[in-house]
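Input: a single structure, listed below in structure tokens.
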Amino acid sequence: MKSTSQSVYSGPARAPHRSLMRALGIGRDDSERPLIGIANSYNELIPGHMHLNTIAQQVKYGVWQGGGLPLEFNVIGVCDGLAMNHEGMHYSLVSREIVADSVEIMVKAHALDGLVLIPNCDKVVPGMVMAAARLDIPVVVVSGGPMLAGDYQGGKVGLTQIFEAVGQYFKGDLSADELAELEDCVCPTCGSCAGLFTANSMSCVTETMGLALPGDATIPAPFSSRLVLARQSGAAAVEVTRKGWTARRFLTPTSLRNALAVDAALGCSSNTVLHLMAIANEAEVELELADFNKVADATPNVVKLSPSGKDHMEDLHRAGGVMAVVKRLAERGLVDGTAPTVAGVDLKVQYDAAVIREDEVIRPLDRAYRPTGGLAILFGNLAPLGAVVKESAVLPQMLNHRGPARVFDDEPALMDAIEKGAIEAGSVVVIRYVGPKGGPGMPEMLTPTSALAGAGLDDSVALITDGRFSGASRGASIGHAAPEALDGGPIALVQDGDIVSIDIPGRSLTLEVEEDEMERRRTAWQRPARDYSGVLRRYVASVSGAETGAILGGGTSRS
């Protein structure tokens, strides 16, 4: 059976196609090699992407050494930090779909046999993996790697600290000079931001699912060992292509459950819920929100990285990396080692080879930070279809909280209230009309969560939204409340002063308002007018709720 590319480029009728390949500098013998596309998200706008051309060059060497023909193309990327707290954040989640679509288009239009995906940052990693699942093509992922932590007055710092410093500055606890000094040192190198934020979380679960070689999630971006990994990944892509091992061989119910276990053990970003749901949808694997709770309830939280703890990705790498975490979980049978990997061996072979070098970074199961995993899905009359919280980043006194609602219909209004000191301790802040449709694009809320923490309110104020939070957020920050406000979800009916009860260990989120009063409010509620143009208009017309992963209609979506 001919490969995809040979079916398109061989035979007399394909002479015009081959002549265009000659124009690319591809010789007659070269075109007999499997065509390996290199999807590179390099750009000069994102610190995590500025070095990806160097990674791509090494991938090309590996592909060529493995007997393949490397053909590079580029895809877009958005830096969530730069897009934060202005209209740019409306485009971040939207970009995930554009990334997936662009990879699909390039593969199908040019009849590629296999892929190496080179992502970094929040939406590019899941977008590329979604494309791989949709296409079901042989693929290997090699990310750009995490940034090193910065040094501020002798202590390690990352992006979380500068966002929280803004709140400290407004409160008067930090001078302008101190803010400027911190600003200059929190992001010292290229790479995805140094904590366990969304990009690094998604790289961890991607490695766990067997789509990337060991070390991909944690080798720091500036380390030369990442160049070796890139060459190895290029060669591995040729091998999986020759063997016909397509993406869905690795994206299975077993590998997704392994990913949920590692997600729980690490305390990953709440955004992984959106992205793993979307990846499962593309791979046609059943995954429900309740599955996150089932796995988390059985999986101890053994790692605490920033923003939940003091350690960073470089510390996890030094302690043994993702495979060392998987090895720890295997001690209690919490992962299935029979899952295949693109390295050509089962997951068990990879984690057996790992060494757990630091017990204080990857704790023993009997000395875990928490007996259950990092994320929790809450249900109740305020979010009948679910809401998500990063439980491992919540202070113990906030795991159960009951207080009066302070309601805001957008983020700027809340920020104004925080800056004026108008948020009282004990409140439950509600930000609504910022879901997938209402945002649009479900904007992240790192600015207000950091401002609340910086103002010293993270131990007394909870925040609930139908939007989402950055992986750098911490505190009682509950997102993805579904149905969203623009669809008339209960969050649209909350009024100032309503009592909200939060029970994170009990997995419940309750608005203490009688049902007859809620029905009266439903009858009086009117959907706010929204008028978008361009890509946002198309997105709002087809995006689903957060409970499904904010996927778009059509494609492989199971409706």
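The values are calculated or read from the model by the stated rules, or taken from the named source; none is laboratory data. These numbers were taken from a predicted model, which means no experiment stands behind them. Positions of Cβ are generated from backbone atoms using ideal geometry, with glycine treated the same way; all protein chains shown enter the neighbour counts. SASA here: full protein model, heavy atoms, side chains in, ligands and nucleic acids out. Shrake-Rupley method; radii C 1.70, N 1.55, O 1.52, S 1.80 Å.
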Practice task
Determine the share of segment 427-509's accessible area contributed by carbon and sulfur atoms, expressed in whole percent, with a 1.4 angstrom probe.
Solution key: 41 percent
Fill in the blank from the handout: Averaged per residue, the 1.4 Å probe accessible area of segment 51-156, protein heavy atoms only, in Å², is roughly 31 Å²
Completion exercise
One can check that the equivalent ellipsoid of segment 342-444, built from the alpha-carbon gyration tensor with semi-axes equal to the square roots of five times its eigenvalues, has lengths in Å, largest first, of 38, 20, 14
Exercise for the section: Mind checking the per residue accessible area of segment 239-383 for me, 1.4 Å probe, whole number of Å²? Expected result: 34 Å²
Completion exercise
One finds the C-alpha centres of segment 324-371 and segment 223-237 to be spaced, in Å, by 22 Å
Exercise for the section: Please report the relative contact order for segment 250-313, taking Cα pairs under 8 Å with a sequence separation of at least 6, and give it as a percent rounded to a whole number. Expected result: 42 percent
Exercise for the section: Only Cα pairs under 8 Å and at least 6 apart count here; give the relative contact order of segment 1-137 as a rounded whole percent. Expected result: 30 percent
Problem - Shape call, segment 82-167: gyration tensor on alpha carbons, a/c limit 1.5 - result: oblate
Practice task
Among DSSP beta bridges whose residues both lie in segment 339-465, state the antiparallel percentage, nearest 5.
Solution key: 45 percent
Problem - Per residue accessible area of segment 463-550, 1.4 Å probe, in Å² - result: 41 Å²
Exercise for the section: With a 10 Å radius around each residue's Cβ, average the other Cβ atoms per peptide and rank 347-360, 4-17, highest first. Expected result: 347-360, 4-17
Fill in the blank from the handout: Relative contact order in percent for segment 484-559 (Cα pairs under 8 Å, 6+ apart) equals 20 percent
Exercise for the section: Leaving ligands, DNA and RNA out of it, report the carbon-plus-sulfur percent of the accessible area of segment 1-136 at a 1.4 Å probe. Expected result: 57 percent
Fill in the blank from the handout: Cα-based Debye curve of the chain sampled at q = 0.05, 0.08, 0.10, 0.11 Å⁻¹ gives log₁₀ I(q)/I(0) of -0.20, -0.50, -0.78, -0.94
Handout entry: Cα gyration tensor, segment 213-288 - rounded (a/c under 1.5), prolate or oblate
Key = oblate
Fill in the blank from the handout: For segment 500-559 the GluC sites (Glu not before Pro) that pass both the DSSP coil test and the at-most-10 other-Cβ-within-10 Å test are Glu514
Practice task
Only loop residues by DSSP count here, and only those with at most 10 other Cβ atoms within 10 Å; note down the trypsin sites (Lys or Arg not before Pro) in segment 393-434 that meet that.
Solution key: Lys420
Completion exercise
So for segment 159-230, using the alpha carbon gyration tensor with a ≥ b ≥ c as root eigenvalues (a/c under 1.5 gives rounded; past that, a/b versus b/c decides prolate or oblate), I'd call it oblate
Practice task
Run through the DSSP bridge list for the chain and note the antiparallel percent, rounded to the nearest 5.
Solution key: 45 percent
Problem - Calculated FRET value between Arg537 and Leu45, using beta carbons and R₀ = 25 Å, to 0.05 - result: 0.55
Practice task
Leaving ligands, DNA and RNA out of it, report the carbon-plus-sulfur percent of the accessible area of segment 203-312 at a 1.4 Å probe.
Solution key: 52 percent
Handout entry: Over the chain: helical MRE at 222 nm, DSSP H runs n ≥ 4 each giving -39500 (n - 2.57), nearest 500
Key = -11500 deg cm²/dmol
